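FYI, it's all coordinate maths here, none of it is from the lab. None of these values were measured; they are calculated from a predicted model. Backbone-built Cβ (ideal geometry, glycine too); neighbour counts: all protein chains shown.
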Amino acid sequence: MTESFKNELIKAGVDYKGAVARFIGSEEVYEQFLYRFTCDKNLSQLEECLEKGDIETAFKRAHTLKGLSGNYGFNKILETTIPVVEILRKGTANGIEEPLGKLKKTNKQVCDIINKYKNIENQEKETY
């Protein structure tokens, strides 16, 4: 993992050192899981469930995203997921628009950084 990748993650509120420690202390393992996170469907499934009015499953998706965020060290995503989880925990979606918007924005910011470096890595592999 490049220093610029690490620095962008840290600037985006990622607890890089803590996360790497949870991934057997390996930057390489952590980096591979980061790339997988960008394919995670919990947020899109959460939105689909809300559209259908399935609050229970929406809560499960939000709660799973909260756990993933914590494990990956995505502190800002974790912070923006908590209000969504707490609203849904009450069995309602009333007032979820603003916190969900913040969650989507924060999630996109982190995924954009990861995808940027994922694309760079893929381009480098193609040239070899």
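Where residues in the stretch 33-65 are among the basic types (K, R) and surrounded by fewer than 21 Cβ atoms within 10 Å (Cβ to Cβ), which of them is farthest from V20 (Cα to Cα)? Talk me through it step by step, then tell me what you get.
Residues of the stretch 33-65 among the basic types (K, R): 36, 41, 52, 60-61.
Going one step further and asking which of them are surrounded by fewer than 21 Cβ atoms within 10 Å (Cβ to Cβ), we end up with 36, 41, 52, 60.
Details: R36: 15, K41: 23, K52: 37, K60: 26 Å.
Filtering the stretch 33-65 for residues that are among the basic types (K, R) and surrounded by fewer than 21 Cβ atoms within 10 Å (Cβ to Cβ), the one farthest from V20 (Cα to Cα) comes out as K52.
Looking only at residues that are of a type in the set (G, A, S) and surrounded by fewer than 16 Cβ atoms within 10 Å (Cβ to Cβ) in the stretch 1-25, which one is farthest from K76 (Cα to Cα)?
Filtering the stretch 1-25 down to residues of a type in the set (G, A, S) leaves 4, 12-13, 18-19, 21, 25.
Next, from what is left, pick out any that are surrounded by fewer than 16 Cβ atoms within 10 Å (Cβ to Cβ): 4, 18, 21, 25.
Numbers: S4: 19, G18: 14, A21: 19, G25: 22 Å.
If we take residues in the stretch 1-25 being of a type in the set (G, A, S) and surrounded by fewer than 16 Cβ atoms within 10 Å (Cβ to Cβ), then G25 is farthest from K76 (Cα to Cα).
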Self-check item: I82, sole failed condition from (1) in contact with a helix residue (DSSP H, G or I) (Cβ under 6 Å, 6 or more places away or on another chain); (2) within 20 Å of G13 (Cα to Cα)
Solution: (1)
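Hey, which of the helices (runs of 4 or more DSSP H) in the stretch 17-107, taking only ones fully inside, have at least 1 residues that are more than 20 Å from K118 (Cα to Cα)? Spell out how you get there, then give the answer.
On the way: elements: 27-37, 42-52, 55-72, 75-89.
Counting at least 1 such residues, we get 42-52, 55-72, 75-89.
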Quiz prompt | Number of the exception - Q109 against (1) in contact with a strand residue (DSSP E or B) (Cβ under 8 Å, 6 or more places away or on another chain); (2) surrounded by fewer than 18 Cβ atoms within 10 Å (Cβ to Cβ) | solution = (1)
Self-check item: Cβ pairs under 9 Å, 6+ apart, first in the stretch 53-71 and within 10 Å of N42 (Cβ to Cβ), second among the charged types (D, E, K, R) and not in a helix (DSSP H, G or I)
Solution: R61/K41; T64/D40; L65/D40; L68/D40
Practice problem: Name the one entry in E79, E28 that is over 13 Å from the mean Cα position of the chain (by Cα) and surrounded by fewer than 18 Cβ atoms within 10 Å (Cβ to Cβ). | Solution: E28
